[in-house]
Amino acid sequence: MNWNVTKLTPNQKKIADFIEKEGNQILYYSETELAEALAMSNATVSRFWKHIGYDNFKAFKQELKEKERISPDSKLKNSLSQIQHQSLQIHEHLLSVTKNQLVNTLRELDSKQFQAAISLMSNCRKIYIHAPGSTESISVLMKHRLARFGLEIELLPKSGHELFEALMHIQKDDVVFIFGFVAMNREASVLLDYAKKAHYQTIILTDCLISDFHEQGDYIFYTNRGELWEFHSMIAPTFLVENFILGIGQHLEEQSLQNLEKLSELRKLYKEQLPKQK
């Protein structure tokens, strides 16, 4: 769908994002089921269709059917899959769900944009990372790995006025990497707005296909964390971050190897004084 994000309200963006993620599966929803999945009123969902140019949900689905033909065998496969998952053991179900999240993440990945972002981070003066909530663990991993390659990394304060202390030091040759899951928080909004004034570049990792991030960030990468009603996994985001790290390591191969060799030498030199923790 060709969404005009600037004309959508926050709730309408959530509906559009859900439609993008569900793809043709949206055809099997009733309007009530859609409202329940989004934790919205039926009236909010009903008003959405006219806002995007359709009389109702039925008219929207009819056009979608015409654009993308749904064959009987694909419907059967979907139904069998849902029945099958109900009987699987929990670890097998998790494996299947994770596989789908990784596939969906890779399907939306723009390889040219991905390589451009790797080049940008490899050649910038400094990388700042904004990682609120559950993304803090990934940001620590990212800082740990990239620092080994000789890059200067700083984790930004997660909230409040402390952000200003770091914001004043960000320069035009820097990159701000933002984890933007669910919705844009106030801190991310400030970082993106200040980027227009300070002229630094921004890279955003988000679990939304439709959001305010897409209007303001320089590089946007989608990662699937599961449905709205499911436990939100961090496996696909971690997978994408690991690929950023590997890509930067390849881009800075000589520098990376030199730093890792120096790390090995230090470990050998002081292995008695600072033995490896078991």
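Rule-based calculations on the coordinates, nothing more; no lab input. Here the structure is a predicted model, which means the values were calculated and not measured. We place every Cβ from the backbone using ideal geometry, glycine too, and count neighbours over all the protein chains shown.
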Response to the item:
Of (1) without any contact (Cβ under 8 Å) to a residue 60 or more places away in the chain; (2) within 14 Å of the chain's Cα centre (by Cα), PHE244 satisfies every one except (1)
Fill in: Filter result for PHE179 (out of contact with any Cys (no Cβ under 8 Å at 6 or more places or on another chain), surrounded by fewer than 21 Cβ atoms within 10 Å (Cβ to Cβ) and either over 30 Å from SER264 (Cβ atoms) or of a type in the set (Ser, Thr, Tyr) (or both))
no
Discussion item. Scan region 253-271 and tell me whether some residue there is outside any helix (DSSP H, G or I) and surrounded by fewer than 19 Cβ atoms within 10 Å (Cβ to Cβ).
Written reply: yes
Worksheet item: For region 145-203, which residues satisfy the criterion of being in contact (Cβ under 8 Å) with a residue 60 or more places away in the chain and within 30 Å of GLU261 (Cβ to Cβ)?
Response: ARG145, LEU146, ARG148, PHE149, GLY150, LEU151, ILE203
Discussion item. Six or more apart or on different chains, Cβ atoms under 7 Å: show the pairs whose first residue is in region 257-275 and under 16 Å from HIS144 (Cβ atoms) and whose second is surrounded by 10 or more Cβ atoms within 10 Å (Cβ to Cβ) and of a type in the set (Lys, Arg).
Written reply: ASN259/ARG148; LEU260/ARG148; LEU263/ARG148
